[in-house]
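These notes are about the structure you will find just below.
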Amino acid sequence: MMRTISVVVNGKKYVEGGVEPRMLLVHFLRDRLRLTGAHVGCDTTSCGACTVMLDARAVKSCTVLAVRVDGREVTTIEGLATNGKLHPIQEGFQHEHGLQCGYCTPGMIMSASELLQRNPRPTEDEIRAGIDGNLCRCTGYHNIVKSIRWAAEKMASQGGASASAAGGEKRNASDHG
Amino acid sequence: MIPRGFEYHDPTSADEVLSLLAEHGEDAKLMAGGQSLLPMMKLRMASPARIVDLWRVPGFRDIRESGDEIRIGALATHRALEDSKLLQARCPLLGKAAGLIGDPQVRNLGTIGGAVAHADPSANYPPALVALGAKFVLRGKGGERVVPAADFFRDLFATELRPTELLTEIRVPALGARDGWEYLKLSRRAPDFALVSVAALVRANGTGDCTGIDVVLGSVGPVPLRASGVEAALRGKRVDRADLAAAARATALGANTLSDVHADAAYRREVAPVCVRRALEAAVARATGRMAR
């Protein structure tokens with residue numbers, strides 16, 4: 001039976017009908033809302049290219065049923081920049097050349113975003129553990145790690161003001177699936 | 001990939017879940033975090049006719065102390081266990097096992113109850129929970145029953161849980177201040193399933209005599225394997241002077257040892273004693289105060 005779901009994505013409320021229970025969140029975002037920043041890579045919960053924030057937690061949107069986001073908040077890569085100004089993590093990837101083909105980048109940035117909310121000053125090991133769930137087949141991760149470190153320093157120098165850009169502190173009691 | 005179509009229920013109470021299970025029996029498949037079930041459905045390794053999704057069911061997510069036990073709601077995420085200050089203080093073995101599951105995104109959604117009920121032979125929790133002497137609370141229409149972890153896992157992906165029952169809580173005895181512990185997982189890459197995993201608990205008295213020992217392996221057979229030979233080699237001995245490598249060599253894997261493309265049975269037999277030795281060394285170091293607990 002088709003469902004209607006109501007969800008806030010990047011601060012904007014959407015009410016979408018005709019959602020099949022088997023529809024995956026990544027397809028809902030890409031095909032229904034035309035937010036194509038979350039990529040379908042491996043489609044088997046491995047590569048992390050589809051990573052988005054669900055109530056301030058990084059999740060793989062290829063492994064979440066769209067009906068499960070009813071009444072909740074999603075942030076995608078499209079929601080990180082504010083007023084046309086890139087988020088410090090996005091700036092970091094630009095500054096430190098954290099991408100080549102760019103396919104993994106939105107997912108990397110969303111994972112980094114959760115990491116820096118949890119741990120604003122991560123060590124290199126902690127950064128690498130934070131992106132365990134994201135695969136890059138171009139850069140060998142070195143510049144990605146540098147990009148995240150660059151962002152951490154920038155955000156620290158701004159007093160952590162950017163932390164709210166990726167979904168803020170809001171945590172829903174039932175946000176853990 | 002898109003899963004095959006299914007009837008979808010998203011009940012809002014445990015009673016409603018039990019009614020759906022009573023009505024639909026084996027046709028109904030429970031979904032907790034969905035981090036194992038959904039990939040299997042996408043790959044068409046599973047095509048349940050009916051999904052009973054637990055995400056709207058309130059509660060069952062707390063991790064709390066009750067006497068000498070820690071009670072963990074079945075819908076607590078791996079991330080919640082990993083981050084739990086209570087587990088870090090009272091049962092760090094379980095917190096470490098949780099933190100080594102999959103990757104951060106999977107840990108944000110996957111739940112302990114889902115993982116335990118799924119009973120993947122390579123999963124982290126089963127050996128940890130058997131070593132700890134955990135108990136599982138299974139709720140049915142007629143009431144609850146409490147099953148020890150060692151009796152819960154029956155075979156590959158098969159458990160004591162009946163199709164009409166819901167796993168609601170995992171109860172774990174808190175560790176004592178002097179209990180040495182370790183959980184380790186050998187895998188090709190960090191997010192991968194274990195090729196071999198070991199949960200070890202070593203209890204020593206004031207003079208260093210081993211008064212209790214639990215060594216349980218995961219990912220080597222259909223269900224967690226207690227290394228009885230290793231335990232017998234160390235029980236009652238002075239752990240600080242024991243030859244741990246010799247004890248670890250008593251690790252004996254059975255005829256049903258798992259074998260797959262990443263690690264055949266011969267390889268698992270070769271590395272299991274090495275993993276056991278490393279786990280024992282860390283657990284003994286903690287038990288004798290030579291390593292941070």
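The values are calculated or read from the model by the stated rules, or taken from the named source; none is laboratory data. These numbers were taken from a predicted model, which means no experiment stands behind them. All Cβ positions, glycine included, derive from the backbone under ideal geometry; neighbour counts span all protein chains shown.
Residue A:54: closer than 30 Å to residue B:51 by Cβ and surrounded by 24 or more Cβ atoms within 10 Å (Cβ to Cβ), yes or no?
Yes; evaluated as a whole, the condition is true for this residue.
Taken together, the criteria place residue A:89 among residues that are modelled with pLDDT of 95 or more, more than 14 Å from chain B (Cβ to nearest Cβ) and not in a loop (DSSP other than H, G, I, E, B).
Annotation: residue B:15 fulfils all but one of (1) touching a residue at least 12 places away in the same chain (Cβ under 8 Å); (2) surrounded by fewer than 21 Cβ atoms within 10 Å (Cβ to Cβ); (3) outside any loop (DSSP other than H, G, I, E, B); (4) more than 10 Å from chain A (Cβ to nearest Cβ); the unmet one is (1). Only one of the numbered conditions (1) of a type in the set (Gly, Ala, Ser); (2) more than 11 Å from chain A (Cβ to nearest Cβ); (3) buried (at least 22 other Cβ atoms within 10 Å of the Cβ) is not met by residue B:67, and that is (3).
Considering region B:215-232 alone, what residues qualify as being within 13 Å of the chain's Cα centre (by Cα) and of a type outside the set (Ser, Thr, Tyr)? I'd like the intermediate steps shown before the answer.
The initial filter retains those residues of region B:215-232 that are within 13 Å of the chain's Cα centre (by Cα), namely B:216-219, B:223-225.
Residues satisfying the conditions are B:216, B:217, B:218, B:223, B:224, B:225.
Of all positions in region B:53-72, at least one carries a residue that is of a type in the set (Phe, Trp, Tyr), within 20 Å of residue B:98 (Cβ to Cβ) and not in a strand (DSSP E or B). Just one of (1) within 12 Å of chain A (Cβ to nearest Cβ); (2) part of a helix (DSSP H, G or I); (3) touching a residue at least 40 places away in the same chain (Cβ under 8 Å) fails for residue B:25. It is (1). Restrict the check to region A:120-130 and report whether at least one residue is more than 12 Å from chain B (Cβ to nearest Cβ), more than 29 Å from residue A:13 (Cα to Cα), in a loop (DSSP other than H, G, I, E, B) and hydroxyl-bearing (Ser, Thr, Tyr). Yes, region A:120-130 contains a residue that is more than 12 Å from chain B (Cβ to nearest Cβ), more than 29 Å from residue A:13 (Cα to Cα), in a loop (DSSP other than H, G, I, E, B) and hydroxyl-bearing (Ser, Thr, Tyr). Scanning region A:10-34 for residues that are in contact with a strand residue (DSSP E or B) (Cβ under 8 Å, 6 or more places away or on another chain), more than 11 Å from chain B (Cβ to nearest Cβ) and in a helix (DSSP H, G or I) returns A:28, A:29, A:32. Within region A:94-106, the set of residues being closer than 24 Å to residue A:55 by Cα and either in a helix (DSSP H, G or I) or assigned by TED's automatic domain parsing to the domain that holds residue A:26 (or both) comprises A:105, A:106. Scanning region A:154-177 for residues that are surrounded by 13 or more Cβ atoms within 10 Å (Cβ to Cβ), away from chain B (no Cβ under 13 Å) and either at pLDDT 80 or above or on the phi < 0 side of the Ramachandran plot (or both) yields a count of 8.
Screening residue A:91 on (1) without any contact (Cβ under 8 Å) to a residue 12 or more places away in the chain; (2) under 20 Å from residue A:118 (Cα atoms); (3) acidic (Asp, Glu) shows it passes everything except condition (1).
Consider residue B:280 carefully, then state whether it is assigned to a loop (DSSP other than H, G, I, E, B), out of contact with any Cys (no Cβ under 9 Å at 6 or more places or on another chain), crowded, with 17+ Cβ neighbours inside 10 Å and not assigned by TED's automatic domain parsing to the domain that holds residue B:129. First the steps, then the outcome.
Numbers: assigned to a loop (DSSP other than H, G, I, E, B): no; out of contact with any Cys (no Cβ under 9 Å at 6 or more places or on another chain): yes; crowded, with 17+ Cβ neighbours inside 10 Å: yes; not assigned by TED's automatic domain parsing to the domain that holds residue B:129: yes.
No; evaluated as a whole, the condition is false for this residue.
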